[in-house]
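The values are calculated or read from the model by the stated rules, or taken from the named source; none is laboratory data. Bear in mind that the values here come from a model prediction, so they are computed numbers and not experimental data. Cβ placement follows ideal geometry from the backbone for every residue including glycine, while neighbour counts extend to all protein chains displayed. These accessible areas exclude ligands, DNA and RNA; they are computed on the full protein's heavy atoms, side chains included. Shrake-Rupley method; radii C 1.70, N 1.55, O 1.52, S 1.80 Å.
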Amino acid sequence: MNDLSLLPAPIAEQVQQAGQTVMVPAETPVFHMGDECNAFIMVLSGQVRVQQLSEAGRELILYRIHAGESCVITTACLLSSEPYPVEAITEEETRAALLPRPAFEAAFASDPAFRQSVFATYGHRMAQMMSLLAELAFERLEARLARHLLCHAGQDDRVNLTQARLAAELGAAREAVNRRLNSWQKQGLVNLGRGHIELCDKPGLASLARPAV
């Protein structure tokens, strides 16, 4: 069994007894919308993005699962016996621990420490999702876009994302993001390149990132 030290001890113990670890290549689906949920998933290394797709094919990235974290929607599907309403894709080579559904259900029913660990990770992720929903509902796209660019710029003041991926990160229409970036380029705030965005006026972007009053 691979090292499970990143996992909460009660979960690691159950994986050791009845689970397995798998290595998944980058850009590989972990599950699709409509799939049956058959295992509790914890990421040991790498990164997985969980996203919602609209009927028109528009993406909304809900969250990412990093090392030591579980998938809250997987937990919800296991508890409700519902199929996946979203999809998950690895963003880099990822090692994950899987606990089959029967073992998960048995441990959840009989092991208070395991149950507490599952609910702790569930609650943490739900708080993050509520924060995302609040941003989508109450904050202007302009502010969210400016803040996202500032937070994800490298030391060279570049954000290495396509506009399509940036729109998915923000849960916005690509056309709306494109219009604002083109307007900001005319104002000298950014410079748009192929697959990247250069920040030319970070103080100007910071002023746009502030919440409206």
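Give, in nm to one decimal, the length gained when the segment between GLN52 and ARG174 is fully stretched (0.36 nm per residue of separation minus the Cα-Cα distance).
Contour length minus Cα-Cα distance gives 42.4 nm.
For ARG64 and LEU136 in the same chain, what is the full-extension length gain: residue separation times 0.36 nm, less their Cα-Cα distance, in nm?
24.2 nm
Can you give the Rg to Rh ratio for segment 112-195, taking only C-alpha atoms and Rh from Kirkwood?
1.14
Considering only protein heavy atoms and a 1.4 Å probe, what is the carbon-and-sulfur percentage of the accessible area of the chain?
Solvent-exposed carbon and sulfur of the chain make up 52 percent of the total.
Using modelled backbone amide H atoms (1.01 Å from N, in-plane), which distant-in-sequence or interchain residues come within less than 5 Å of LEU62's amide H?
Excluding prolines and chain starts, which carry no amide H, the hits are VAL50, GLN51, GLN52.
Which whole-number percentage describes the relative contact order of segment 174-213, with Cα contacts under 8 Å and a sequence gap of 6 or more?
24
Search the structure for amide H atoms under 5 Å from the amide H of ALA153, placed 1.01 Å from N in the peptide plane, and list their residues when 5 or more places away or on another chain.
none
Unpartnered cysteines of the chain (Cβ-Cβ under 4.7 Å counts as a partner)?
CYS71, CYS151, CYS200
Quick one: what are the phi-derived ³J(HN,Hα) couplings along segment 16-29, Karplus 6.51/-1.76/1.60 with θ = phi - 60°, whole Hz, x for glycine and proline?
Calculated HN-Hα couplings, in order: 4, 7, 9, x, 8, 10, 9, 10, 10, x, 5, 6, 10, x Hz.
With contacts defined as alpha carbon pairs under 8 Å and 6 or more residues apart, what's the relative contact order of segment 54-213 in percent?
Relative contact order of segment 54-213: 25 percent.
Report the percentage of all Cα-Cα pairs in the chain whose separation exceeds 25 Å, rounded to a whole percent.
46
Hey, what do the phi angles of segment 69-79 turn into as Karplus ³J(HN,Hα) couplings, whole Hz, using 6.51/-1.76/1.60 and θ = phi - 60°, x for Gly and Pro?
Result, rounded to whole Hz: 10, 10, 9, 5, 6, 4, 4, 4, 5, 5, 6.
State the extension gain, in nm to one decimal, for the chain segment bounded by LYS202 and LYS186, taking 0.36 nm per residue of separation less the distance between their alpha-carbons.
Using 0.36 nm per residue and subtracting the Cα-Cα distance, I get 4.3 nm.
With viscosity set to 0.692 mPa s and temperature to 37 °C, compute the Stokes-Einstein D of segment 32-112, Rh being the Kirkwood radius across alpha carbon pairs; µm²/s, no decimals.
The calculation lands on 247 µm²/s.
Once every Cα of segment 20-59 carries one equal point scatterer and solvent is ignored, give the base-10 log of I(q)/I(0) from the Debye formula at q = 0.22, 0.32, 0.33, 0.35 Å⁻¹, two decimals.
-0.92, -1.37, -1.39, -1.41
Show the residues, 5+ positions off or on another chain, whose built amide H is closer than 5 Å to the amide H of ALA39.
ARG101
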